[in-house]
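Since the structure comes first, as structure tokens, the remarks are kept for the end.
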Amino acid sequence: MPRLLIAAALLFFAQAASAAEDGCGTDAATIIAQAYPTAEKTSETEFAIDGARILLPDAEEGFGERHTVACRAWPSYPERLLVAVPLITEESELLTVADLELLVLDASSLKVQQRLRLKERIVDDAIQTKSITFDTARYQLAPGQIAFGVRLAKEGSSRVNPFEEVSLSLYVIGSGRLQPVLDGIVVISSGGEWDGNCAGTFDRKTRTLAMGKTGRNGYADIVVTEKASSSTTAVDGKGECGERSHKSNAASTRVVYDGKRYSVPEAMKPL
């Protein structure tokens, strides 16, 4: 298997292990019951509310379920717990559609302090959701204003045309409500085409975010550093599958807050 695909697989399992270590534990059902008082519990791992399904993490399934509730403690504010709730509104063999509701809870009582529902944030067809995880790196946007991130990982269903994309969105609590400040920047993208055996070409980009100087609108600029790599695999003269790889120099882009949101360049937006 080409090294780019191996790297993608290792990243997935690392993210999954992290999510398993910092999940909802035994509190998932209690969280949903308190956040959605009219929800009906239809099984040990499922609730129904207003035509939507909510799936709880199943300890026996591990991290294999794509659309389950996800939780994470917020290190910057230890008294708060972050929860992501996919509300599945449409489901078939070819299509899954779900709203995504983000909750900020009191970590002790599990009572909802803030919530934000993102309409049809999940749309799975040929490209499907792989995972929804929180990013709690210290995104210090302004004094006393720290954002948290949500990473939405997606993957293609084609074996010979592999595709992976991870987008990052940032949210803050401001003016008494939870609100988005950065709506989807691709931090990992990889894809390629191969014959299923050896010959193929593969490309991968990774982006990291760092807080820069404070801009004119009071929020810090975000410095995005991009690294790109590519590889080609082919059968050599000895009949063995060989690989040639290339890495480009890192490039940086400054993303600026316009008073409402960070303006993400078109080339960095998710598909």
**Fill in**
Amide H neighbours of Cys24 at under 5 Å, excluding residues fewer than 5 places away on the same chain, with H built from the backbone geometry, are Cys71
**Request:** Taking the Cα atoms of the range 27-142, report the difference between the largest and smallest coordinate on each principal axis, in whole Å and largest first.
**Result:** 43, 30, 28
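Largest first and in whole Å, what are the equivalent-ellipsoid semi-axes of the range 115-197 based on the Cα gyration tensor, each being the root of 5 times an eigenvalue?
Details: eigenvalues 202, 39, 12 Å².
Equivalent ellipsoid of the range 115-197: 32, 14, 8 Å, largest first.
Per-residue counts of other Cβ atoms within 10 Å, averaged by peptide: what ranking do you get for 242-253, 212-223, 166-177, highest first?
Ranked by mean Cβ neighbours within 10 Å, highest first: 166-177, 212-223, 242-253.
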**Request:** Scan around Thr214 for amide H atoms under 5 Å from its own, H built in the peptide plane at 1.01 Å from N, and keep only partners 5 or more places away or cross-chain.
**Result:** Asp221
**Message:** Would you calculate the convex hull of the Cα atoms in the range 3-268 and tell me its volume per residue in Å³?
**Reply:** 141 Å³
**Request:** Over the alpha-carbon set of the range 118-271, work out the extent along each principal axis and list the three values in angstrom, largest first.
**Result:** 65, 34, 24
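Each value in this text was obtained by applying a stated rule to the coordinates, not by laboratory testing. This structure is a prediction, so every number in the text was calculated from the model and none was measured. Virtual Cβ from ideal backbone geometry, glycine too; neighbours counted across all protein chains shown.
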